[in-house]
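Undergrad: Sharing a structure, written as structure tokens. Questions coming.
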Amino acid sequence: MEIGSVLIWYLLFFPLFALGFTFVICKKREMRYIFYFIFGTAFGFGVFDAPSVALGYYTYSTDPYLLPVYGVPLTIALAEGFAVAVTIYVYEYLAGLRKKWAHGDSNPRPPAFLV
């Protein structure tokens with residue numbers, strides 16, 4: 001059995017992005033992360049992916065399992081939205097740690113997901 005790019009995408013990378021986003025949503029329970037996801041999906045598709053495909057810079061697989069929209073797989077755009085929300089969460093988390101350490105918290109607690 002040959003392992004194709006679509007199989008790797010759906011078995012490894014897409015679930016990884018979706019799992020990260022699910023973690024953020026379960027951890028924070030704030031609607032703004034849903035907004036970040038929607039904005040990241042729309043911005044990535046409308047500003048980067050669709051123009052890149054239209055101008056011939058990128059060529060994505062047109063495999064029907066990837067749900068292509070104007071030559072761009074919908075799952076790629078969704079993964080971009082997941083990545084935007086996760087990146088903002090990680091940035092805010094690290095900034096919070098830096099503030100705690102700057103105010104003299106010499107014994108910071110480990111992240112809650114590690115306890």
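Undergrad: For I88 and L16, compute 0.36 nm times the residue count separating them, minus their Cα-Cα distance, and round to one decimal in nm. Mind dumping the intermediate values first?
TA: Numbers: separation 72, 0.36 × 72 = 25.92 nm, distance 1.66 nm.
That works out to 24.3 nm of additional length.
Undergrad: Then there is this: Tell me, I38, I88 in order of fewest to most beta-carbon neighbours within 10 Å?
TA: Details: I38 13, I88 16.
Listing I38, I88 from fewest to most nearby Cβ atoms yields I38, I88.
Undergrad: Mind sorting L94, L67 by how few other Cβ atoms lie within 10 Å of their own Cβ, fewest first?
TA: So the residues, fewest neighbours to most, are L94, L67.
Undergrad: Tell me the net charge near V24. Cut-off is 14 Å between Cβ atoms, V24 excluded, with +1 for each Lys or Arg and -1 for each Asp or Glu. Write out the running numbers ahead of the final one.
TA: Numbers: positive: K27, K28, R29, R32; negative: E30, E92.
Net charge in that neighbourhood comes out at +2.
Undergrad: Kindly express, to the nearest 10 degrees and within the range 0 to 90, the angle between helix 74-102's C-alpha long axis and the longest C-alpha principal axis of the chain.
TA: So the inclination is approximately 20 degrees.
Undergrad: Report the label-to-label distance for Y70 and K99 in nanometres (one decimal), using points 7 Å from each Cα along the Cα→Cβ vector.
TA: My value for the distance between the label points is 3.8 nm.
Undergrad: Using a Gaussian network model of the chain with C-alpha springs under 10 Å, which one of A85, A54, A42 is most mobile by mean-square fluctuation?
TA: A54
Undergrad: Also: Pull up all non-local amide H partners of Y58: gap of 5 or more, or a different chain, and H-to-H distance under 5 Å with H placed in the peptide plane.
TA: Hits under the 5 Å cutoff: V53.
Undergrad: Output needed: percent of Cα pairs per 5 Å distance bin for the chain, bins running from 0 to the one holding the longest distance.
TA: 2, 11, 16, 18, 16, 13, 9, 7, 5, 3, 1, 0
Undergrad: Fewest Cβ neighbours within 10 Å first, please rank F37, F43 accordingly. Mind dumping the intermediate values first?
TA: Working: F37 22, F43 15.
Least to most surrounded, the residues fall as F43, F37.
Read the figures in this text as sums done on the coordinates, not as results from a lab. Only a predicted model underlies this, so the values are computations on that prediction, with no experimental measurement involved. Neighbour counts run over all protein chains shown; Cβ positions are idealised from the backbone, glycine included.
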